[in-house]
Amino acid sequence: TAGHAMQATELENARCVPRKGKEHALDQRQIRTALAIVSGWQLTADGLGIHKQFRFPDFHHTMAFVNAVAWIAHVEDHHPDFKVSYPSCELHFSTHDVGGISLNDFICAAKVERLVAKG
């Protein structure tokens, strides 16, 4: 929102809404601001998405994380790509309908951060 800096709790508590068309893509300034809020997330090499790798002590914890993120994605109707291995999971969010990054990507990233913070 204009006039004040976005905060993590705003993203965590926001809900994804359908965003279609280039007008919903975030600009570079908005992306930099949002990346500063979601710890450890980075732009993808092509600049059209965000990603982060999460590490776990064992496969059970990795799969529990995958299932919890899948539930967040289902509730928000915004789905990441998952790259899953024994001790880790890499998540990649982008918004295909805007051809890049939308607020939905950061809303979901913030919800994942809240999830891992709770342990």
Name every residue in the stretch 32-76 that is open to solvent by 90 Å² or more (accessible area, probe 1.4 Å) and under 26 Å from Lys20 (Cα atoms), in order of residue number.
Arg32, Gln42, Ala45, Asp46, Trp71, His74
Assuming His79 fulfils every condition listed in (1) buried (at least 18 other Cβ atoms within 10 Å of the Cβ); (2) touching a helix residue (DSSP H, G or I) at 6+ places or on another chain (Cβ under 6 Å); (3) not small (Gly, Ala, Ser) apart from one, which condition is it?
(1)
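Step by step: first the residues of the stretch 9-25, then only those that are aliphatic (A, V, I, L, M) and open to solvent by less than 40 Å² (accessible area, probe 1.4 Å), then the one that is nearest to Ile107 (Cα to Cα). Which residue is that?
Leu11
So, Val17, is that one farther than 18 Å from Ala117 by Cα, aliphatic (A, V, I, L, M) and in a helix (DSSP H, G or I) or not?
In short, no.
The values are calculated or read from the model by the stated rules, or taken from the named source; none is laboratory data. All of these numbers come straight from a predicted model, not from anything done at the bench. Don't worry about glycine lacking a Cβ; one is built from the backbone with ideal geometry, like all the others, and counts go over all protein chains shown. The accessibility values were calculated without ligands, DNA or RNA, using every heavy atom of the protein model including side chains. Shrake-Rupley method; radii C 1.70, N 1.55, O 1.52, S 1.80 Å.
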